[in-house]
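See structure below.
Read the figures in this text as sums done on the coordinates, not as results from a lab. For clarity, every value in this text was computed on a predicted model and none was experimentally measured. Using ideal geometry, Cβ is built from the backbone for each residue, glycine included, and neighbour counts are taken over all protein chains shown.
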Amino acid sequence: MYDDAGELLAFQGRAVRAHQLRYRTEGPRPIFRPWDLHDVQPDSLCIVEGPFDLFVVNRVVPTVAVLGIQPSPSQIEDLQKLVGRFRQTHIWFDRGALAEALDLQRKLAPFGIVDIILWDNEADPGACSESLIREVLEGSHSHRLEG
């Protein structure tokens, strides 16, 4: 992940063996946002856990990854600024991270409309097709916890 000047801030890798730590991030954990604010429509934003989810969901809606399930204080501050630029924000974490999604929603709700996508499917967002992502974001395959 690079800053606006093109300097390397951090990198993240994923282990492929079951007994290893799944993700490892080195350097400060920025919000991973591979797009410029001026290049997107300010309608909806989606917050996901990792880059693999981001690469898939970002094809449908501007998406950022917090690189884990517990955003740092600096990530929360950056998200609070970002959420205010969009009409609506969706938090789409994996099923096992509901408590963390609720905590993030509580911290972001004063800055914009923030809901949590509760999806009954076992698959991560990164394993979905574009059409399924659209359906989930429209609410036809999910439930919402609104802030």
Per-peptide average of other Cβ atoms within 10 Å, ordering 127-139, 52-64 highest first:
52-64, 127-139
Karplus-derived 3J(HN,Hα), 6.51/-1.76/1.60, for each residue of the range 35-49, Hz, glycine and proline x
8, 9, 4, 6, 9, 10, 7, x, 7, 10, 10, 10, 10, 10, 6
On a full-extension model of 0.36 nm per residue, what is the gain between Leu118 and Ile76, subtracting their alpha-carbon distance, rounded to one decimal in nm?
13.0 nm
